[in-house]
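What follows is one structure encoded as structure tokens, with my remarks underneath.
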Amino acid sequence: MTQLKWGHYTDLHPDTLAQIMTATPIAILPWGALEWHGSHLPLGMDGIAAQYVAEQVVQRTGGVLLPMTWWPMTTLPHRFSLAVKTATFVAMVNDMLDSLAGAGFHTVILVSGHYAQGHEIELMKIALAMYEKSGLQVLTLPPAAVVNEDYLDHAGRWETAQTLALRPDLVRLDQLGDAPLHPREWAVLGEDPRLATAHDGQQVLDGAVDGIVAWVAQMQQPGGMAALHAWYHGRIAGYAGYADSFFKTSWEQALTDWWRQRTGVEGE
């Protein structure tokens, strides 16, 4: 059995990269965020999870692992949350995908640890348009979504569990105390992070890797891209209520208004 070949883009020479791409023209691009996750989780939690999943996926699918990108749009309002504007984000993703297609990659797996509503919608719209434009197959999704939609929390039980599995040294559950956790103070959206265990976190991560690998295999089969695009359209439709309620001028404005409704404040 031929062993799958993969490598880190930054470490490869042109001839080795060409050899890997001849066998497996897949690029894996992890996308993180620098975002407030309360006092109990690190600001880079999204990227930590995305990097792990991307590394596990490329070892099973073969292909090339690109460096982490940290610049998302629509992070939670907080002075330590960093973001780029929607137009900048869309341009960056489009330019990167165009470059990867021009280099000869046929499939791109964009592993987004960040999954704010507008952020995910724009990624899926880009993926759909890219396939129509150049035939580039783009799988973009928050990893936990392929396991269970209920695991898409923020600083709650499931993000805390994943961080416990990967970087327990960065989890500070002692900061939480015993009182209820209001999102305004703790950024917790979802189940109580004090319920988190490393075992549960590893199960979510392993399930995400399995799910992404399964999608990559399905994309290569007849009807596979149609199934993926139907999944995208379903997820976009699932955000219609959010868009109808909050989007007026921009995704940034929508997030601010949504956060104000959830917490009673705009942010710090």
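Since every read-out is calculated from the coordinates, none of them should be taken as a lab result. None of these values were measured; they are calculated from a predicted model. All Cβ positions, even for glycine, are placed from backbone atoms using ideal geometry, and neighbour counts span all protein chains on display.
List of remarks:
- Between ASP169 and ALA103, the contour length at 0.36 nm per residue exceeds the Cα-Cα span by 19.9 nm.
- Shape call, segment 128-268: gyration tensor on alpha carbons, a/c limit 1.5: oblate
- Cα long-axis angle, helix 117-134 against the chain (0 to 90 degrees, to the nearest 10): 10
- Taking the DSSP bridge list for the chain and keeping only pairs wholly inside it, about 10 percent are antiparallel.
- Rounded to the nearest 20, the size of the Cβ-charge dipole of the chain about its Cα centre is 380 debye, with Lys and Arg at +1 and Asp and Glu at -1.
- From helices alone, the chain scores -16000 deg cm²/dmol at 222 nm; the rule is -39500 (n - 2.57) for each run of n ≥ 4 DSSP H residues, then divide by the residue total.
- Amide H contacts of VAL111: LEU29, TRP31, each under 5 Å away and 5 or more positions distant or on a separate chain (H built 1.01 Å from N in the peptide plane; Pro and chain starts excluded).
- Think of the chain as having a plus end and a minus end, set by charges on the Cβ of Lys, Arg, Asp and Glu; of TYR151, LEU164, LEU65, LEU65 sits farthest toward the positive end of this dipole.
- Share of pairwise Cα-Cα distances greater than 28 Å in the chain is 34 percent (whole percent).
- Fewest-first ranking of THR140, THR10, using other Cβ atoms within 10 Å as the exposure measure: THR10, THR140
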